[in-house]
Ligand SMILES: Cc1ncc(COP(=O)(O)O)c(C=O)c1O
């Protein structure tokens, strides 16, 4: 370990591994468990940034990767490959509404960039509406959609930032921008989109982009009815809906896609992370009607849609279906939420517990009235988690005070009990 720790200090960017000093060096994983270089096991309540769907090291997924690597490891999108064709058909079959045309890429931000281009081409319009609190990636266009200012957007004006992106209040019920309370609010936040079109736009809004559950902001689910209300406004104004399911896709919310959870039909959807659960892969999928507007040169990628990554994705989706992991996410996720709400009463630091399926946010505050974010306490909880054999994604969310739980879909009730125990005991220690 000493030698590896030396390499970590010497060669790895200090910007990564901000978990804790001497963060673990991970060498293996099975299901919802990760193993470090000293053989210590941790329950993975993080699912590395929600990217793991079926869990670590699933034998069927590993076999699919190996078999495909033996056959064909690389081809550009100039030619179709068998894994790409099979995956495209599979995605079109499970995607909500009429989504059908697949553009394979490498990562989430790239899928968002592609969605922005597709929306502009299809609508012929330049403005995009995004939400306060939004996160859609770190490339230039995606970053312009960020719904949080300091320090992430500082000095980043340009491209879409030149008036092309209009921000509107999100659906953050715990800290409502409009000072209202759900459900008496009448979903005023959704109605604000109409106001933005009327008052703030230059009459050129082509698309609205949103995460159905804001992940980076702190796993904040949209309240029921929100997207139905939004869609009414979009349809009335001929605006395309880009559904960013980079985090929420592939079962995390207890439905295959969160659009199903909210009964809404997107025109364009972005997929990454859980699409493969490991190898770099993403997809922007849209309706035929939208795709008709694209021309040659609007899409090309050298690495995107790599056959081995596509084979991993097919295997992962089949495992999700065969092992009924979406149902597991719903069942175990509901139990997880219930247990967290139960312990919240005995912790002065817990301000809010919210979530859908296995995407859960626990927000820590110093004071229940003022809701001042408990940042230090939240960061300390990471250490308490590691001590107890749990990777607890605490200290996250825009205010750095949220535990962003997003374990693999295969997590069990017993493992959830251990995660809740670690949060409960860790918080007791911190609150003393
Ligand atoms: C909703 C959403 N969109 C896009 C992205 C960007 O994905 P990537 O990190 O693969 O570029 C993320 C990353 O966390 C995300 O949460």
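Taking the options 364, 381, 337, name whichever one is assigned to a helix (DSSP H, G or I), in contact with a strand residue (DSSP E or B) (Cβ under 8 Å, 6 or more places away or on another chain) and in contact (Cβ under 8 Å) with a residue 24 or more places away in the chain. It would help to see each step written out before you state the result.
Details: 364 fails: assigned to a helix (DSSP H, G or I); 337 fails: in contact (Cβ under 8 Å) with a residue 24 or more places away in the chain.
From the options 364, 381, 337, the qualifying one is 381.
In the range 36-66, how many are away from the ligand (no atom under 16 Å from the Cβ), within 22 Å of residue 387 (Cβ to Cβ) and touching a residue at least 24 places away in the same chain (Cβ under 8 Å)?
Final tally of qualifying residues: 9.
So, residue 234, is that one surrounded by fewer than 24 Cβ atoms within 10 Å (Cβ to Cβ), over 13 Å from the mean Cα position of the chain (by Cα) and within 16 Å of the ligand (Cβ to nearest atom) or not?
Numbers: surrounded by fewer than 24 Cβ atoms within 10 Å (Cβ to Cβ): yes; over 13 Å from the mean Cα position of the chain (by Cα): yes; within 16 Å of the ligand (Cβ to nearest atom): no.
No.
Looking across 86, 113, one residue alone is away from the ligand (no atom under 12 Å from the Cβ) and in contact with a helix residue (DSSP H, G or I) (Cβ under 9 Å, 6 or more places away or on another chain). It is 86. Consider the range 95-110 and keep the residues that are part of a loop (DSSP other than H, G, I, E, B) and within 14 Å of the ligand (Cβ to nearest atom). The one that is farthest from residue 311 (Cα to Cα) is 107. When the residues of the range 256-284 are filtered to those that are within 14 Å of the chain's Cα centre (by Cα) and assigned to a loop (DSSP other than H, G, I, E, B), the one that is surrounded by the most Cβ atoms within 10 Å (Cβ to Cβ) is 276.
The numbered conditions (1) at negative phi; (2) surrounded by fewer than 22 Cβ atoms within 10 Å (Cβ to Cβ); (3) modelled with pLDDT under 95 are all true for residue 53 except (2). What residue, of 220, 197, is within 22 Å of residue 166 (Cβ to Cβ) and within 15 Å of the ligand (Cβ to nearest atom)? Every option except 220 fails the conditions. Among the conditions (1) at pLDDT below 95; (2) buried (at least 22 other Cβ atoms within 10 Å of the Cβ), the only one that residue 76 does not satisfy is (2).
Out of 33, 77, 20, report the one residue that is touching a helix residue (DSSP H, G or I) at 6+ places or on another chain (Cβ under 9 Å), away from the ligand (no atom under 16 Å from the Cβ) and farther than 30 Å from residue 376 by Cβ.
On the way: 33 fails: farther than 30 Å from residue 376 by Cβ; 20 fails: farther than 30 Å from residue 376 by Cβ.
Only one candidate qualifies: 77.
Of all the listed residues (207, 217, 134), the sole one being part of a loop (DSSP other than H, G, I, E, B), within 17 Å of residue 239 (Cβ to Cβ) and at pLDDT 95 or above is 134. Determine which single condition residue 265 fails, assuming it passes every other condition in (1) more than 24 Å from residue 103 (Cβ to Cβ); (2) away from the ligand (no atom under 13 Å from the Cβ). So the condition that residue 265 fails would be (1).
Suppose we filter the range 137-153 for residues that are assigned to a loop (DSSP other than H, G, I, E, B) and either within 12 Å of the ligand (Cβ to nearest atom) or crowded, with 23+ Cβ neighbours inside 10 Å (or both); how many remain? Residues meeting the conditions: 6.
From the list 345, 361, which residue is modelled with pLDDT of 95 or more, outside the structural domain of residue 135 (by TED's automatic domain parsing) and farther than 28 Å from residue 320 by Cβ? Even if it seems obvious, please write down each step before you answer.
Values: 361 fails: farther than 28 Å from residue 320 by Cβ.
One residue alone meets the criteria, 345.
Can you report the number of residues in the range 237-246 which are within 11 Å of the ligand (Cβ to nearest atom) and in a loop (DSSP other than H, G, I, E, B)? Qualifying residue count, the range 237-246: 2. Every condition in (1) in a loop (DSSP other than H, G, I, E, B); (2) assigned by TED's automatic domain parsing to the domain that holds residue 137 is met by residue 39 except one, and the failing one is (2). Within the set 249, 254, 225, the sole residue that is within 15 Å of the ligand (Cβ to nearest atom), in contact (Cβ under 8 Å) with a residue 24 or more places away in the chain and assigned by TED's automatic domain parsing to the domain that holds residue 114 turns out to be 249.
Every listed requirement among (1) touching a residue at least 60 places away in the same chain (Cβ under 8 Å); (2) over 22 Å from the mean Cα position of the chain (by Cα); (3) farther than 17 Å from residue 429 by Cα is met by residue 317 save one, (2).
Using the structure shown, decide if residue 291 is assigned by TED's automatic domain parsing to the domain that holds residue 122, on the phi < 0 side of the Ramachandran plot and away from the ligand (no atom under 12 Å from the Cβ). Steps first, please.
Details: assigned by TED's automatic domain parsing to the domain that holds residue 122: yes; on the phi < 0 side of the Ramachandran plot: yes; away from the ligand (no atom under 12 Å from the Cβ): yes.
Criteria met by residue 291.
The values are calculated or read from the model by the stated rules, or taken from the named source; none is laboratory data. Since we're looking at a predicted model, the values are computed, not measured. Quick reminder, even Gly has a Cβ in these numbers, built from the backbone with ideal geometry, and neighbours come from all protein chains shown.
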